[in-house]
Amino acid sequence: MHTFDDLVNITNKLRSKDGCPWDKEQTHESLKQYLLEEAGEVIEAIDHNDQENLCEELGDILFQVMIHSQIAKENQSFTIDDVVNGICEKMIRRHPHVFGDKKVISSEEGEALWKAIKLQEKARQKSEKP
């Protein structure tokens, strides 16, 4: 069975000098349509309760994340490790009722807490911009 590291290496190879001409030509802009298409296919698989297809389509979404991250790495913007780190930090930060000392009783309280934290983050980001 392949691993996440295998996927990183495959994506790198596809974009390398000896890789796939089509993959090497892609940009964030050119890939937008495929990200939308794959998201629609995930939704369709969910709507049809098609678990096998859902697994495949989630893989296609993951590849979209990988190729965008590879392009960003080539542009020295960020890497897949930065993406993974960022989402881990966000999940921990936005779930203080799981990873901290906050208490919630219901999913509604958890969602309200998430939204409040998100609003605080957005306000802080806005105030930090010149």
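For beta carbons closer than 8 Å, sequence separation of 6+ or different chains, a first residue in the range 68-96 that is among the aromatic types (Phe, Trp, Tyr) and a second that is part of a helix (DSSP H, G or I), the qualifying pairs are 78/69; 78/72. Just one of the listed residues (18, 60, 5) is outside any helix (DSSP H, G or I) and modelled with pLDDT of 95 or more, and it is 18.
Remark: pairs (first residue in the range 17-30, more than 14 Å from residue 64 (Cβ to Cβ); second residue assigned to a helix (DSSP H, G or I); Cβ separation under 7 Å; 6+ apart in sequence or on different chains) = 19/13; 20/14; 24/15. Filtered by the rule that a residue be loosely packed, with under 13 Cβ neighbours inside 10 Å and closer than 14 Å to residue 69 by Cα, the range 31-55 gives a lone residue, 32. If you go through the range 109-118 and keep only what is more than 20 Å from the chain's Cα centre (by Cα) and either farther than 17 Å from residue 97 by Cα or in contact (Cβ under 8 Å) with a residue 24 or more places away in the chain (or both), you end up with nothing. Scanning the range 33-63 for residues that are without any contact (Cβ under 8 Å) to a residue 24 or more places away in the chain and either in contact with a strand residue (DSSP E or B) (Cβ under 6 Å, 6 or more places away or on another chain) or of a type in the set (Val, Ile, Thr) (or both) gives 42, 43, 46.
The values are calculated or read from the model by the stated rules, or taken from the named source; none is laboratory data. In this text the structure is predicted, and so the values were computed from the model without any measurement. A quick note on method: Cβ atoms are made from the backbone with ideal geometry, for glycine too, and the neighbour counts reach across all protein chains shown.
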